[in-house]
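First up is the structure itself, then whatever we jot down about it.
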Amino acid sequence: MVSLRVLFGLLPALGAAVPSAALRRDVSSPLLEEFNRFSQYTAASNCLANHNGSSAGSPVYCDAGFCPLIKEADTEIIKGFWGLSPGDTTGYLALDRTQKLIVLAFRGTVSDENGWTDLMLGYTDAATACDGCKAHKGFWGASTAAMDNLTSTIDTAVAQNSDYKLVVTGHSLGGAIATLAAVRLRNAGHTLDLYTFGAPSVGNLAFAQYITDQGSGNNYRLTHGPDEVPKVLYKTSRHWLFHILVPEYSQSSPEYWITSGVGVSVAESDIKFIEGVNNETGNLGTQEVTMAPHGWYMGNMSVCAQT
Ligand SMILES: *[C@@H]1O[C@H](CO)[C@@H](O)[C@H](O)[C@H]1NC(C)=O
Ligand SMILES: *[C@@H]1O[C@H](CO)[C@@H](O)[C@H](O)[C@H]1NC(C)=O
Ligand SMILES: *[C@@H]1O[C@H](CO)[C@@H](O)[C@H](O)[C@H]1NC(C)=O
Ligand SMILES: *[C@@H]1O[C@H](CO)[C@@H](O)[C@H](O)[C@H]1NC(C)=O
């Protein structure tokens, strides 16, 4: 987290148009439950017990009280992974037999190497994913290494549980890696749903458009208020001065923008549905430079920080 905080701390308030009032479209109660479920699975990717080397075969662990939807389900870790290089990518692949899910969850920024990955914000060519696509070098390198390691295990899990739904999820850096993993898995023929929480942009406009239109499952890109992380690359790459340092970054559609505060539970009416690549009606149009909303999505994203 340290390196990211340093980067964001250095950025002054960035100029942009004042956002117009958000259009209200209700998020249904079943969708709210899915947001809660995958927020909990994502938070659990912090827990050492889920990726400590002997986690396979155990239920998904989460700090007592923080993850009721995981607790009440019949879960089993298929593979915990850690230190995948480059990027020090960490997380787990698990079954949720109650909901018939295969969940691939990526941890956010914890280690220094994770922080350096975040800061490798030049482009790399991503034409192997889609025509005209350029990707964030750090996220692309980390996701490529992770998927080289994980793909055969995922393929096997999908083949053995053909009536299960594959879901890829992550918070922050983990959300960026989840997004690129989802692109790659869909390109390889998988159908899956993607849930990200406070994920930074992963690439240029062509890439954001590709993610938006790819199909083979739904994308749920959650943001929270003025959270700096999902908007910083978009904004700096359009800033009158900083665009010299940061190439063009875009954000995919749709966005589910949480408008309630930090530390309070999120209701259906607190989440605004925002359609359109780079739509500034939600998080991208907010002015405040703050990391406070980043640690709270459907709940506290820092559970298990030490365990
Ligand atoms: C590793 O995780 C497993 C499953 O959660 C747990 O039973 C075990 O005690 C953990 N081992 C260590 C050394 O933390
Ligand atoms: C995945 O990475 C781990 C740890 O680096 C390594 O032991 C394992 O052999 C790798 N598996 C594959 C399929 O690449
Ligand atoms: C989230 O959890 C962390 C670690 O348990 C704690 O330090 C922090 O205060 C919590 N944040 C909120 C907003 O409750
Ligand atoms: C941005 O999102 C708002 C709210 O969903 C919508 O009313 C508006 O048409 C969108 N703008 C564009 C350019 O897609």
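Here are a few things to note about the model shown:
- Based on DSSP H segments of at least four residues, each scored -39500 (n - 2.57), the chain has a per-residue ellipticity at 222 nm of -9000 deg cm²/dmol.
- Here the simple spin-label model places points 7 Å from the Cα toward Cβ, and for residue 265 and residue 165 these points are separated by 2.2 nm.
- Among the lysines of the chain, pairs at least eight places apart or on separate chains and with Cα atoms under 27 Å apart come to 14.
- Which of 106, 85, 73, positive extreme of dipole for segment 67-114 (C-beta unit charges): 73
- Expressed to the nearest 5 percent, the antiparallel share of DSSP beta bridges inside segment 30-177 is 75 percent.
- For segment 189-305, the relative contact order comes to 29 percent (Cα pairs under 8 Å, sequence separation of at least 6).
- Summing +1 for each Lys or Arg and -1 for each Asp or Glu among the other residues whose beta-carbon sits under 11 angstrom from that of residue 205 gives 0.
- When segment 181-307 is described by a simple charge dipole with +1 on each Lys and Arg Cβ and -1 on each Asp and Glu Cβ, the residue from 183, 250, 283 located farthest towards its positive end is 183.
- Cβ-to-Cβ counts within 10 Å put 107, 221, 186 in ascending order as 186, 221, 107, the fewest first.
- All other residues whose Cβ lies under 9 angstrom from that of residue 217 are scored, Lys and Arg at +1 and Asp and Glu at -1, for a net of +1.
- FRET efficiency, 1/(1 + (r/R0)^6) with R0 35 Å, evaluated for residue 151 and residue 76 via beta carbons: 0.95
- As a proxy for reagent exposure, 124, 144 were ordered by neighbouring Cβ count within 10 angstrom, fewest first; the result is 124, 144.
- Cα centroid separation, segment 174-200 to segment 66-123 (Å): 12
- Over the chain, the alpha carbon radius of gyration divided by the compact-protein estimate 2.2 N^0.38 Å works out to 0.91.
- Here the translational diffusion coefficient of segment 153-237 follows from Stokes-Einstein with Rh set to the Kirkwood radius across Cα pairs; for 4 °C and 1.567 mPa s it amounts to 96 µm²/s.
- Neighbour counting of Cβ atoms within 10 Å sorts the residues 158, 168, 183, 264, fewest neighbours leading, into 264, 158, 183, 168.
Taken together, the values in this text are just the output of simple stated rules run on the coordinates, not laboratory data. Just so you know, these numbers come straight off a predicted model, no measurement behind them. Reconstructed Cβ throughout: ideal geometry from the backbone, glycine too, with neighbour counts over all protein chains shown.
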